[in-house]
Amino acid sequence: MSETIVSREAVMTALRGVKDPELDRSIMDLNMVRDVEIEGSHVHIVIALTVKGCPLRVKIKDDIKQKISEVPGVESVKVEMTVMTDEERMQMIYRNAGEKEAKSNILNRDSKTKIIAVSSGKGGVGKSTVSVNLAVGLSMKGYQVGVMDADIYGFSVPKMLGMEGRPTVFNKAIVPLKAYGMQVMSMGFLVEEDTPVVWRGTMLTGAINQFLRDVLWADLDYLVIDLPPGTGDIALSIINRLPNSKILLVTTPQETAASVAIRAGHLALNAEQEILGVVENMSYFLCPTCGDKSHIFGTGGAEKIATELNTKVLGRIPIEPAVGTGGDTGKPVVYHNEESASAAAFRELVDTIVSQA
Ligand code: ADP
């Protein structure tokens, strides 16, 4: 082995001068440098890219080679590329976005964006299904729509919209991905699929703050937020930070779902949020042969909530296999199955909301 003749300090200084072209920050500040080995006149560097197959990998590699080869004594440079873990990527994004200024105006009271925060008392009532079909329905009417999947523990929006990929970070702002003409942001874009995510409390709050502050929502008419179910801290902190948001409560006709939805509604009212109304999902089943409605989950849940919270029932969505398969296959029923009764019910809901929200 030859003796080290290249100064480690000089190599580090040279690396500091290499920037991630997209983020315009030093790769050292972004914690992308994983390892630096100096053996005689040979330098071996390991870089962790923010995303797999990063289109700028060649540029970063070339820049590193160029800068390091200028360090006195260096004769050869090897640059190896690896990829950041989910946690490293999130931390990098936080550090990078450590600014106070919001990237879009959704947090402003005078923003023209109408924010619909979709909430439910408990999971499994179709909150995400309603969020997605409502958003796609609004987009089909020509509105600029954003969807923010804040259901951190069970993000399902990317799957329901058939999306994959990762958002890019540009000039310190996170650029949402696009689907059905909408701008979509989900925690699901930032983690590997099927990986259990154990978020630390601070990270969760940080993530939500970022979704509100650092995502570049461009000129939205509507922002539909899929809140986590129930009345937890996350739901509360989101609605508290969005002065213009109105709550849309999703329930099934069952008594148990209704009573927990009422609790979620009171939470919103206590936080001085306006309740837009109630959507009764899985409201009835239409017999495929005779067309008769059967109220398999009972009746009255949505009215009970509306009366209790002094609001209105804005829509009733039937239980229909096409809704479920649409969600599972990433093809929202309101767009892909326009003839279905549920698509018609979602369109009606959209019209009612446009006339009110
Ligand atoms: P939540 O967001 O409240 O947890 P989801 O939207 O994930 O609920 O819905 C739970 C399940 O019920 C999903 O499999 C979804 O496809 C299905 N589902 C929701 N609404 C309907 C409906 N109207 N008809 C048939 N299946 C539905």
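The table below lists the values:
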{"read-out": "Beta bridge orientation in the chain: antiparallel %, DSSP, nearest 5", "value": "30 percent"}
{"read-out": "Magnitude of the charge dipole, segment 8-84, Cβ model with Lys/Arg +1 and Asp/Glu -1, debye to 20", "value": "200 debye"}
{"read-out": "Dipole in debye (nearest 20) - segment 184-336, about Cα centre, beta carbon charges: Lys, Arg +1; Asp, Glu -1", "value": "280 debye"}
{"read-out": "Segment 8-84 - share of DSSP beta bridges that are antiparallel (%, nearest 5)", "value": "50 percent"}
{"read-out": "J(HN,Hα) series, segment 220-231, from Karplus relation 6.51 cos²θ - 1.76 cosθ + 1.60, nearest Hz, glycine and proline x", "value": "8, 7, 10, 10, 9, 10, 8, 6, x, x, x, 10"}
{"read-out": "Label-point separation, residue 254 to residue 36 (7 Å along Cα→Cβ), nm", "value": "6.0 nm"}
{"read-out": "For residue 115, distant residues with modelled amide H under 5 Å away", "value": "223, 246"}
{"read-out": "Descending Cα extents along the principal axes, the chain, whole Å", "value": "85, 44, 34"}
{"read-out": "Computed label-point distance, nm, for sites residue 209 and residue 57 using a 7 Å Cα→Cβ extension", "value": "3.3 nm"}
{"read-out": "Other-chain or far-sequence residues with amide H under 5 Å of residue 230's (modelled H)", "value": "120, 121, 122"}
{"read-out": "Nonlocal amide H pairs with residue 19, under 5 Å, H built at 1.01 Å", "value": "27"}
{"read-out": "Selection from 242, 44, 111 lying farthest towards where the dipole of the chain points positive, charges on Cβ", "value": "111"}
{"read-out": "Between segment 130-146 and segment 250-322, the alpha-carbon center distance in angstrom", "value": "20 Å"}
{"read-out": "Extension reserve of the residue 271-residue 328 stretch, reckoned as 0.36 nm per residue once the Cα distance is removed", "value": "17.1 nm"}
{"read-out": "Pairwise FRET efficiency - residue 336 versus residue 86, Cβ, R0 = 35 Å, nearest 0.05", "value": "0.70"}
{"read-out": "Per residue solvent-accessible surface (Å²) - the chain, probe of 1.4 Å", "value": "46 Å²"}
{"read-out": "Whole-Hz couplings from phi, Karplus 6.51/-1.76/1.60, listed for segment 312-319; x for Gly and Pro", "value": "10, 7, 8, x, 10, 10, x, 8"}
{"read-out": "Difference of contour (0.36 nm per residue) and Cα-Cα distance, residue 295 to residue 348", "value": "17.1 nm"}
{"read-out": "The chain, dipole about Cα centre (Lys/Arg Cβ +1, Asp/Glu Cβ -1), debye to the nearest 20", "value": "580 debye"}
{"read-out": "Antiparallel bridges, percent of DSSP beta bridges restricted to segment 246-357 (to nearest 5)", "value": "15 percent"}
{"read-out": "Gyration tensor verdict on segment 274-339 (Cα atoms; rounded if a/c is under 1.5, prolate if a/b is larger than b/c, oblate otherwise)", "value": "oblate"}
{"read-out": "The chain - percent of accessible surface contributed by carbon and sulfur, probe 1.4 Å", "value": "49 percent"}
{"read-out": "Karplus 3J(HN,Hα) series, Hz, for segment 343-352 with 6.51 cos²θ - 1.76 cosθ + 1.60 (x for Gly, Pro)", "value": "4, 4, 5, 5, 4, 4, 4, 4, 4, 4"}
{"read-out": "DSSP-assigned coil residues among GluC sites (Glu not before Pro) in segment 245-324, each with at most 15 further Cβ atoms within 10 Å", "value": "272"}
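The values are calculated or read from the model by the stated rules, or taken from the named source; none is laboratory data. Keep in mind it's a predicted model, so treat the numbers as computed, not measured. Heads up, the Cβs are rebuilt from the backbone with ideal geometry, glycines too, and the neighbour counts pull from every protein chain shown. Heavy atoms of the whole protein, side chains included, go into the accessibility calculation; ligands, DNA and RNA do not. Shrake-Rupley method; radii C 1.70, N 1.55, O 1.52, S 1.80 Å.
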